[in-house]
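Worksheet: the structure to be examined is printed underneath.
The values are calculated or read from the model by the stated rules, or taken from the named source; none is laboratory data. Computed from a predicted model, the values in this text were never measured in an experiment. Here the Cβ positions follow ideal geometry from the backbone for every residue, glycine too, while neighbour counts run over all protein chains shown.
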Ligand SMILES: NC(=O)c1ccc[n+]([C@@H]2O[C@H](COP(=O)([O-])OP(=O)(O)OC[C@H]3O[C@@H](n4cnc5c(N)ncnc54)[C@H](O)[C@@H]3O)[C@@H](O)[C@H]2O)c1
């Protein structure tokens, strides 16, 4: 198979869909790899590294898209890439089609097989190609929170870990899932006092075991959140209800009760955010202030650390890519229902029930069986 790797064109997107080690493994398996020049540059991966891995470097996106059987990317195609969609092409990337009727229409009209990272599901119900970006965002949330607590960044002037004789900062984490536990690891490592709030008691028991009692766990309700926030220097929002907008568990009056110069990092902003005062921000202009509290609400946090994020993402995507390349799309999907669940468009039909439901168009299972329909409609998220 010929695998194409174009450079990402979405604003501030500097990740890349394949790293040189992946190119080498594909070559060893007998495939051809075409990489657009400078595709890896944003992730500090040079043309030379790809060339040494056996990839062919091509000067334009058009050449990569037109020669490849399968294009591997990070973000959904942008308007400038629509002209490259054509029959026979397979696209393997984050697609997030539910809110994108225009792109869905383009994929259907062109007959492209669109395989979305975010709807690939494993037998235990996990979403293996979403987890790595939540790991990155959770860890990064503490790093950026610590930076904005510094006085020159507008914060209270607090060192997360304190020093002997001066108390450490209080970090509250709302939601103890992938984002929450990764944030807790970093906050503990920096010496902060950490509290995790979750509505799932079973999850809180697991967290208590994982951290051996080093974090305070609290059951989620408005009273608990309100009292916790009054004493928190940094609050991280990592709540998710799959397929739904994040619940606004933090009201404005709770924000007003926080100390001047405290920081909130709403990681869940891509699902609408869990603070009433949150609105989406960008890496160019990441923070704003409400009631003297700094708000960081960047919707694509992993793009701030593209080198780490690219490797984290491709570690997870590569086994699926290799399977698609080695077996061909149809056999790979027949053999692997979790991978089949990633197929959102196939020969002009929508093959994912969630995408079909969100756009009011008919759903047709890829193999005419129930494989795809096993996936819940609740997996349309970000990356
Ligand atoms: N901004 C970004 O760049 C970025 C990057 C990665 C992930 N995210 C987002 O971060 C959010 C969290 O992702 P995740 O992978 O950790 O999800 P997850 O499913 O692993 O964890 C979510 C947790 O929220 C808890 N929860 C649900 N309702 C709650 C409530 N009312 N009170 C307290 N806890 C509640 C759940 O029990 C669960 O433990 C998602 O919205 C995800 O899209 C954003």
| note | Out of (1) without any contact (Cβ under 8 Å) to a residue 24 or more places away in the chain; (2) more than 24 Å from residue 227 (Cα to Cα); (3) more than 11 Å from the ligand (Cβ to nearest atom); (4) within 19 Å of the chain's Cα centre (by Cα), the one residue 310 does not meet is (1)
| Do we have any residue at all in the range 263-279 that's over 20 Å from the mean Cα position of the chain (by Cα), at pLDDT 95 or above, assigned to a strand (DSSP E or B) and under 19 Å from residue 170 (Cβ atoms)? | yes
| query | Of all residues in the range 1-26, how many are touching a strand residue (DSSP E or B) at 6+ places or on another chain (Cβ under 6 Å) and in a helix (DSSP H, G or I)? | reply | 2
| query | Does residue 255 satisfy being more than 13 Å from the ligand (Cβ to nearest atom), outside any loop (DSSP other than H, G, I, E, B) and in contact with a strand residue (DSSP E or B) (Cβ under 7 Å, 6 or more places away or on another chain)? | reply | yes
| message | I'm checking my understanding of the structure. Among residues of the range 123-149 that are loosely packed, with under 15 Cβ neighbours inside 10 Å and more than 23 Å from residue 196 (Cα to Cα), which one is nearest to the ligand (Cβ to nearest atom)? | response | 125
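On the basis of being more than 16 Å from residue 235 (Cβ to Cβ), more than 16 Å from the ligand (Cβ to nearest atom) and either part of a loop (DSSP other than H, G, I, E, B) or in contact with a strand residue (DSSP E or B) (Cβ under 8 Å, 6 or more places away or on another chain) (or both), does residue 152 make the cut?
Values: more than 16 Å from residue 235 (Cβ to Cβ): yes; more than 16 Å from the ligand (Cβ to nearest atom): yes; either part of a loop (DSSP other than H, G, I, E, B) or in contact with a strand residue (DSSP E or B) (Cβ under 8 Å, 6 or more places away or on another chain) (or both): no.
Against the criterion (more than 16 Å from residue 235 (Cβ to Cβ), more than 16 Å from the ligand (Cβ to nearest atom) and either part of a loop (DSSP other than H, G, I, E, B) or in contact with a strand residue (DSSP E or B) (Cβ under 8 Å, 6 or more places away or on another chain) (or both)), residue 152 does not qualify.
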| Would you call residue 171 over 20 Å from residue 131 (Cβ atoms), within 15 Å of the ligand (Cβ to nearest atom) and either at pLDDT below 95 or outside any helix (DSSP H, G or I) (or both)? | no
| query | Mind checking which pairs have a first residue in the range 196-225 that is in contact (Cβ under 8 Å) with a residue 60 or more places away in the chain and farther than 11 Å from residue 184 by Cβ and a second that is near the ligand (Cβ under 9 Å from one of its atoms) and in a loop (DSSP other than H, G, I, E, B), Cβ under 9 Å, 6 or more apart or different chains? | reply | none
| said: Show me the helices (runs of 4 or more DSSP H) found entirely inside the range 291-375 where at least 3 residues are modelled with pLDDT of 95 or more and touching a helix residue (DSSP H, G or I) at 6+ places or on another chain (Cβ under 6 Å). | reply: 306-327
| said: Tell me yes or no: at least one residue of the range 47-57 is touching a strand residue (DSSP E or B) at 6+ places or on another chain (Cβ under 6 Å) and closer than 24 Å to residue 120 by Cβ. | reply: no
| message | I'd like to verify a number: residues in the range 286-304 that are more than 15 Å from the ligand (Cβ to nearest atom) and without any contact (Cβ under 8 Å) to a residue 60 or more places away in the chain, how many? | response | 5
| Residues located in the range 186-236, provided they are part of a loop (DSSP other than H, G, I, E, B) and away from the ligand (no atom under 13 Å from the Cβ) | 190, 191, 192, 211, 212, 213, 214, 215, 231, 232, 233
| field | Which numbered condition residue 113 fails, given (1) more than 13 Å from the ligand (Cβ to nearest atom); (2) in contact (Cβ under 8 Å) with a residue 40 or more places away in the chain; (3) surrounded by fewer than 20 Cβ atoms within 10 Å (Cβ to Cβ) | value | (3)
